[in-house]
Amino acid sequence: MATAGVVRALRAAHLHDASRQALLQMACDRIQSWGPPYTSVYAYMLHDGELILEAHAGRDTEHVRIPVGAGVCGTAVAEKADQNIPDVTAVGNYLACNAFTKSELVVLIRRGDHILGQIDIDSDVRDGFGEREHADVKTVADALAVLL
């Protein structure tokens, strides 16, 4: 299973004293390498009420700082809940990274009730993320929560 391989790679890198940024970049690269629907993967970490982009794979984004409550990413933190948006055009406060994104999945990186950050995934496919994709990304996010 691809998810188990990512978690093993993250744990091995952590044992070799990989930096937080290196672990986040590895997670982004590995998830994006799974192919569609994972078009672009962003790792945002929470700092003083703001999400700061620390790593990504895929398309660049101008959204390197997102206030809590803004867009899908900020809403996930404000509501303390993962977000699975099958059609981004239906979201009133959506912050578009690019014109090609059709759906978005945001999975929080958390230790208990404490939110550290999130993995944000854009897809060029409408309804790109189902329960399996959410579970796979959550497994990676949960591993990061222990390692960061």
### Query
Over all distinct alpha-carbon pairs, what is the Kirkwood Rh of segment 2-147 in angstrom?
14.9 Å
### Summary
Taking R0 as 22 Å and r as the Cβ-Cβ distance between residue 99 and residue 29, the FRET efficiency 1/(1 + (r/R0)^6), rounded to the nearest 0.05, comes to 0.40
### Message
Which residue fluctuates most in the GNM of the chain (Cα springs below 10 Å): 114, 63, 16?
### Response
16
### Query
What's the FRET efficiency of residue 131 with residue 68 using the Cβ-Cβ distance as r and R₀ = 30 Å, to the nearest 0.05?
0.70
### Message
Ignoring everything except DSSP H segments at least 4 long, calculate the 222 nm mean residue ellipticity for the chain; use -39,500 (n - 2.57) per segment, divide by total residues, nearest 500.
### Response
-11500 deg cm²/dmol
### Message
Given a Förster distance of 41 Å, report the FRET efficiency between residue 19 and residue 91 from their Cβ-Cβ distance, rounded to the nearest 0.05.
### Response
0.75
### Query
Along the charge dipole of the chain, which of 139, 32, 106 sits closest to the positive end, that is, farthest toward it, with unit charges on the beta carbon of Lys, Arg, Asp and Glu (+1, +1, -1, -1)?
139
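What's the local net charge at residue 40, with K and R +1, D and E -1, over the other residues with C-beta under 11 Å away?
-4
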### Message
Run the numbers for residue 124 and residue 47: contour at 0.36 nm per residue of separation, minus the present Cα-Cα distance, in nm.
### Response
24.8 nm
### Task
Pop out the Kirkwood hydrodynamic radius of segment 16-59 from its pairwise C-alpha distances, inverse of mean 1/r, in Å to one decimal.
11.0 Å
### Message
Along the charge dipole of segment 2-147, pointing to its positive end and built from +1/-1 on Cβ of Lys, Arg, Asp and Glu, which listed residue (3, 14, 118) has its Cα farthest out?
### Response
14
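No lab work stands behind these numbers, since they all come straight from the coordinates. None of the values given here were measured: they were computed from a predicted structure. So basically every Cβ, Gly included, is an ideal-geometry build from the backbone, and we count neighbours across all protein chains shown.
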